[in-house]
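Scroll down for the structure; my scribbles are underneath it.
The values are calculated or read from the model by the stated rules, or taken from the named source; none is laboratory data. Computed from a predicted structure; not experimentally measured. Cβ atoms come from the backbone with ideal geometry, glycine included; neighbour counts cover every protein chain shown.
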Amino acid sequence: MPASTTCPIVTWRSSRNGCTSLTPSEVLALVSDPAAESGESGESRRARQAGGRPRQRIANRLHAGVLALVLLSTAAAQAAEIKVAVSANFAAPLRKIGVDFEKESGHRIVASVGSTGMFYAQIKAGAPFDALLAADDETPARLEKEGAGVAGSRFTYAIGKLVLWSRTPGFVDDRGEVLRTKAFSHLALADPRLAPYGAASLQVLKALGLLETLQPRFVTAANNTQAYQFVASGNAELGFLALSQVYQDGRITEGSGWIVPQEFYSPLRQDAVLLARARGKPAAEALLKYLRGDKARAIIRSYGYGL
């Protein structure tokens, strides 16, 4: 005698071969009409229904439970993971924006933080990113032109600002005159070949007539995050950083800094672009739309960016 098979109620049914899965529509049909599976006649069904109130109540409860499961499954299917390549200067704002976006949309942001130049090379090599939040406007435009970015999706999400920063309070004056002194041995900056903020740092030093004098003191970082780490750890007394890294709600949060006047470097227009692999992907499109909204823009301003 074959062993009996016990199948979980609702999602499975017995058959000669064991348990067979049901589609949501099949399950809903069965709990709405328990006789449908058995082929019971209409007359027999009416006789059963006359005294079958308890069974009907059970069926109603099953119907409600299955409907809830179907709705939950649909919601889970609609939620998606968004892989974002984000310039190091914008990591903290994106993290804060992401909390509200994920709560409101159900989608999840998976961010990779680095330099814009590095991300360009990775995207061209086939890295599976859905969107790029760059530290410049040239890289997204280039990706769009080369077909790696979706035409018409590019927009400026922030205008960056540069700061000369030290972890030591009072060390940096409000005009950056410390650069003309011998009070420091190391000056950190992001790699100018890969990071727009690093290139802007060179423009500032050239405008001040200090580039050749200070070049021997450079400590070159892979990106803005590493430049900050060099200064915060004391390995460099000073560093050129993105203002957003040390600024919150209208003030520099620690140490001392000189917010470099815009006249000394080209505007740091930071563009976002939807990448080709995410074409037609609603979740990625929703994130870029959210970045243009009032909530996100308020957060962006709070980190010292222009808009």
The one condition in (1) out of contact with any strand residue (DSSP E or B) (no Cβ under 8 Å at 6 or more places or on another chain); (2) charged (D, E, K, R); (3) more than 30 Å from Glu144 (Cα to Cα) that Glu237 fails to fulfil: (1)
Quickly run through region 191-241 and pick out the residues that are modelled with pLDDT under 95, aliphatic (A, V, I, L, M) and surrounded by 21 or more Cβ atoms within 10 Å (Cβ to Cβ). Leu194, Ala195
Only one of Arg95, Arg108 that is touching an Asp or Glu at 6+ places or on another chain (Cβ under 8 Å) and surrounded by fewer than 18 Cβ atoms within 10 Å (Cβ to Cβ): Arg108
Just the residues that are of a type in the set (Phe, Trp, Tyr) and in contact with an Asp or Glu (Cβ under 9 Å, 6 or more places away or on another chain), please, taken from region 115-164. Phe155, Tyr157
Identify the residue in region 122-146 that is in a loop (DSSP other than H, G, I, E, B) and in contact with a Ser or Thr (Cβ under 8 Å, 6 or more places away or on another chain) and, among all such residues, is surrounded by the most Cβ atoms within 10 Å (Cβ to Cβ). Ala135
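Looking at Gly209, Gly198, Gly149, Gly176 in this structure, which one is more than 13 Å from Ala242 (Cβ to Cβ), assigned by TED's automatic domain parsing to the domain that holds Thr225, touching a strand residue (DSSP E or B) at 6+ places or on another chain (Cβ under 8 Å) and of a type in the set (Gly, Ala, Ser)? Let's see the steps before the verdict.
Working: Gly209 fails: touching a strand residue (DSSP E or B) at 6+ places or on another chain (Cβ under 8 Å); Gly198 fails: more than 13 Å from Ala242 (Cβ to Cβ); Gly149 fails: assigned by TED's automatic domain parsing to the domain that holds Thr225.
Matching residue, one of Gly209, Gly198, Gly149, Gly176: Gly176.
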Taking region 235-274, which residues are part of a loop (DSSP other than H, G, I, E, B) and in contact (Cβ under 8 Å) with a residue 60 or more places away in the chain? Glu237, Val246, Glu254, Gly255, Val260, Tyr265, Ser266, Pro267
Output for region 244-298, where each listed residue is crowded, with 22+ Cβ neighbours inside 10 Å, within 30 Å of Asp174 (Cβ to Cβ) and within 20 Å of the chain's Cα centre (by Cα): Ser244, Gln245, Gln270
